[in-house]
Amino acid sequence: MSTETTASVSTHILDTSVGRPAEGVPVELSVRSGSDAEWSAHGVSKTDADGRVKDLPALPEGTTHVRLDFRTEPYFDTKQAAEAQQDAPRVRDSAAFFPEVAITFAVAPGEHYHVPLLLNPFGYSVYRGS
């Protein structure tokens, strides 16, 4: 059993529509201590060229719930603009059906939580990674 009193979080995003990492997606980390507590912003970052966020701060002692907010709309807007410049762009109804994705999960002290986001223009899924 770990003797640490805080938990840590990391994430990455894979754009499953192209099988590549999603670069430049803003991510905000919020925390709370208990189901009835207010959310508190705790860190912000962006995904790197590998779609990873490696610099989120350790969670405050007493954190029981974490929320990761992914702002996906700017990513899809940029991606759609780039596709429009190609000879045969894909046709889409919308740049981003989900302009943001919020993932909330419970945490325990001393644990590390890697929470990948598998993303495409019209759907997403998440899981606890390693």
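The values are calculated or read from the model by the stated rules, or taken from the named source; none is laboratory data. These numbers come from a predicted model, not from an experiment. All Cβ positions, glycine included, derive from the backbone under ideal geometry; neighbour counts span all protein chains shown.
Just checking, how many residues over the stretch 29-69 are in contact (Cβ under 8 Å) with a residue 40 or more places away in the chain and β-branched (Val, Ile, Thr)?
Total meeting the criteria: 4.
Criterion first (in a strand (DSSP E or B), at pLDDT 95 or above and under 17 Å from residue 119 (Cβ atoms)) does residue 69 satisfy it?
yes
Considering only residues that are under 15 Å from residue 103 (Cα atoms), aliphatic (A, V, I, L, M) and surrounded by fewer than 20 Cβ atoms within 10 Å (Cβ to Cβ), which ones fall in the stretch 30-55?
41, 44
List the number of the failed condition for residue 58; all other conditions in (1) touching a strand residue (DSSP E or B) at 6+ places or on another chain (Cβ under 7 Å); (2) part of a helix (DSSP H, G or I) hold.
(2)
Out of the stretch 9-30, which residues are over 14 Å from residue 115 (Cβ atoms) and in a strand (DSSP E or B)?
15, 20, 21, 26, listed by residue number.
Just to verify a result, which residue in the stretch 72-102, among those that are assigned to a strand (DSSP E or B) and surrounded by fewer than 16 Cβ atoms within 10 Å (Cβ to Cβ), is modelled with the lowest pLDDT?
100
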